[in-house]
Structures are given as C-alpha cells and as structure tokens.
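Inspection log for the structure reproduced underneath, given as structure tokens.
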Amino acid sequence: MEEKQYLMLPGPTPVPPRVLRALAKPMINHRGPEFKTLLSEITAGLKEVFRTENDIIIYPSAGTGGMEAAVANFISPGEKVLVVSIGNFGDRFAEIARRFGARVEKMDFAWGTAADPAALEERLKEDKDKEIKAVFVTHNETSTGVTNDLKALRKAAGEHPALFIVDSVSGLGAMELETDGWNLDVVVAGSQKSFMIPPGLSFIAVSRRAWEAAEKCTNARYYWDIREARKYAEKGQTPYTPALPQLTALAESLRMIKEEGLPRIIARHRRLRDMVRAGVRALGLELLVKDEIASNAVTAVCAPAGIEADAIRRLLRERYGVIVAGGQNKLKNKIFRIGHLGYVCETDILATLAALEMALIGCGFKANLGQGVRAAQEVALAATQ
Ligand SMILES: *Cc1c(COP(=O)(O)O)cnc(C)c1O
C-alpha cells in the first residue's frame, strides 16, 4: 500500500480535499475582472479572521517574507526597536531588524516560558525620550509551543508611541487575536498554518499609524514596498503576478472557516491541545511548557531520559506514517513537536497518540500502553457532554 501520512506538523498543515480541488482551477488574468472579485472576497474573509478593518496586504511569500515586510516598511535604518523573544521566531525578528540596520534591543525570556508584560511595561516606561520606534512580539512561539498573552503585552505598552508589530503566523486562526480590539499596528500571518492552504502566501494587516510610518520609512524596498501594494489593491490588483492557485485555495478555505465559525474553530484547537497534553502525560512523558501558557497550535514533548527525540520521530514516520516536528536550535533532539492546527480533528490526535505509544515502546521506553489514547478520549468525551 502506498504510505498514508498523518502530517502533524506546525506547518505545513494538511490541506482539505475541497481546498486541493480549488488549487487545480485554471489560471485567470490577474489584471481582469475575475481577479478583482477574487481579491475582494479574500480580503473581506481575511479581515474577519484578523478581526480588523485595517488594510490587509497579501504577499506571495513564506511567512518570513511577511516578517521582512513588517521590518522593511516600518523601520528606518538607525532606528531603535525592542524585540521581545521567547524562542526561535522571536530571534528571527531580531535578526531581520538587525540586517535592515535597526538598533535592536532584545528582551529575552527563557525558551519554554512566556514574555512578562510587567517587564515590557517597565522597559517602555524607562524610555522617556521615546527612542523605541517599534516593539516586536511573537504571538505563538512555534519552536516551544508557548503562547504569549498578547492582549496583556499590548496593554503593557500602554501609551508609548512605538508601533506594536506581531508575528502571529502560527497563532492567527487557532487562538484569539483581536487586531482592532487590542490595537495591534501590524499583524503578520501565513498560509500554511491554520489557513489550511499550501505554503506560499503571507498576510500583513496594517494600521493607520503603521501606514504613516511606511510613508516616512527610508529603507530601500521594491518587491516588499507596501505602498505599491496598497495602490494596486485599490483597483483590485497586486503589483506583481500573484500566486493564483494559492489565492483560489484561500478563497475556498476562508469559506470553510466561515462555515465552522471562528469561536468554534478556536474551541476545537483548544480541545485538540488538551487531548494531546492529557495523552502525553498519561503515557508517562513530560511536556516542555506549563498549562497556562500552552499553545493551541503545537505541543512540545520532552524525549524521555536516554532516548533521542529524533529516534522517536523516525520510528513514528517509518513505521506508522505519522510526521511530527523536531526541536529547533538548542532544543534539537531534546523535544519533538506535535502540530494540531488547521485541518485537524480529534481522530487525528487519537491516531497520533496510539502511534506514539507504539513508537515509544519500539524505542525501549515503557509507555503505558493504551493510557495516552484513553486520556485523550476522556477529554474529547467531556467536551461533548
Ligand atoms: C511558521 C512560522 C513563521 C514563518 O515561517 P516560514 O517558513 O517563513 O513560512 C514565522 N513565525 C512563526 C511563529 C511561525 O510559526
């Protein structure tokens, strides 16, 4: 039998059949009326997910392209920025800003913990001359499976005039985020996480204040120039040839999101997280992060003493067709990460846990056979009662 795969990654995530069919549609003229209709439908759908009236620009790029656009358009060389980092993706924002010539101050928190809003408040209060032009925050840190309390962090920034720039590539659509309600200036998201479409698109929501910064920004930019994108968006186009299949797919996935409804989608992600956590614990394994900050999108599991995380992953893949992610950077081979965002259901989690039990036994760990699945079933049942 051709190997069946369970893609349990924090991106790319599984693509629903409806969306796969949409990907196969013939190309259209990106300067014609059909495209204008498509773009306006997509933009309206994205605004609902972002919970915003702000403009949303779509780039044909990986999520990191959206992050780069969020630096290139709003931060001028020599300006000071504060990057709050709790892991690999926070570090990436700092590195991008550095390469664009910003004076980067990093506020680091230990990997596996969340950012402390009080520390941010304190730091910004010290900035009497308002030197800091932007604060960069990761909403959901995919490398550790920690979700920052974005609302509290935004509140902590208070009246400080710095732009508040958020990477929610793995957060948006899996957990609560209120672009307008929380007064977020720039929010970056990507296609291959909770949007259930293949990699290749990034989205960036831009507030009025951020547009003002973009006008004044002295960075060189051409492809990423967000002002150009806005000019074209006004006539229902993009400056350069868009990724048409991805956009057709996005229109379909946004319909699915509307049908299920955001509150139910978020509740589903929370339930899947709780199933994974209960299951992993019942198996006798440890989780990297505490319950209070645990992500709806991805769960980091510590490999048991004496067993390499990558050995467990290999067996999961080779014998059972279950694909989970490894640890990044300093967590390499120490953890593995189970993605549970996008087109994922309870049965996928049960299958993953059942396979994990067997893979652990294959690696010589005395897993409590059946206990992981059972604990997850109890969580799922409790949610329907
Ligand atoms: C996936 C992800 C990105 C973008 O990754 P790409 O590989 O560039 O698409 C950025 N930030 C976070 C938090 C992510 O999870």
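What the table shows:
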quantity	calculated
Only one of Gly101, Gly181 that is away from the ligand (no atom under 16 Å from the Cβ), within 19 Å of Leu262 (Cα to Cα) and of a type outside the set (S, T, N, Q)	Gly181
Qualifying residue in segment 54-69 (condition: among the charged types (D, E, K, R) and within 16 Å of the ligand (Cβ to nearest atom))	yes
Filter result for the condition that a residue is surrounded by 19 or more Cβ atoms within 10 Å (Cβ to Cβ), closer than 30 Å to Glu34 by Cβ and in contact (Cβ under 8 Å) with a residue 12 or more places away in the chain, over Ile312, Ile265	Ile265
Out of Ala325, Ala251, Ala297, sole residue that is buried (at least 22 other Cβ atoms within 10 Å of the Cβ) and closer than 24 Å to Ser202 by Cα	Ala297
Any pair with Cβ under 6 angstrom, 6 or more apart, that starts in segment 1-16 at a residue that is over 16 Å from His269 (Cβ atoms) and ends at one that is part of a loop (DSSP other than H, G, I, E, B) and within 10 Å of the ligand (Cβ to nearest atom)	Pro12/Gln192; Pro12/Pro199
Residues located in segment 199-217, provided they are surrounded by fewer than 19 Cβ atoms within 10 Å (Cβ to Cβ) and within 11 Å of the ligand (Cβ to nearest atom)	Pro199
Filtered residues of segment 308-332 (kept if in contact with a strand residue (DSSP E or B) (Cβ under 7 Å, 6 or more places away or on another chain) and farther than 28 Å from Ser168 by Cβ)	Asp310, Ile312, Leu316, Arg317, Gly321
Residues of segment 22-41 that turn out to be surrounded by 13 or more Cβ atoms within 10 Å (Cβ to Cβ) and either among the β-branched types (Val, Ile, Thr) or part of a helix (DSSP H, G or I) (or both), as a count	9
Neighbours by Cβ (under 8 Å, 6+ apart or cross-chain): first from segment 24-50, assigned by TED's automatic domain parsing to the domain that holds Ala189 and on the phi < 0 side of the Ramachandran plot; second part of a helix (DSSP H, G or I) and aromatic (Phe, Trp, Tyr)	Ile28/Phe35; Asn29/Phe35
Any hit, segment 56-65, residues being touching a Pro at 6+ places or on another chain (Cβ under 9 Å) and assigned to a helix (DSSP H, G or I)	yes
Residue among Val84, Val187, Val166 that alone is of a type outside the set (Phe, Trp, Tyr), farther than 30 Å from Pro14 by Cα and either outside the structural domain of Ala70 (by TED's automatic domain parsing) or within 14 Å of the ligand (Cβ to nearest atom) (or both)	Val84
Selection count where residues are polar (S, T, N, Q) and closer than 24 Å to Asp180 by Cα, scope segment 19-50	2
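The values are calculated or read from the model by the stated rules, or taken from the named source; none is laboratory data. Computed from a predicted structure; not experimentally measured. Glycine gets a Cβ as well: all are built from the backbone with ideal geometry, and neighbour counts include every protein chain shown.
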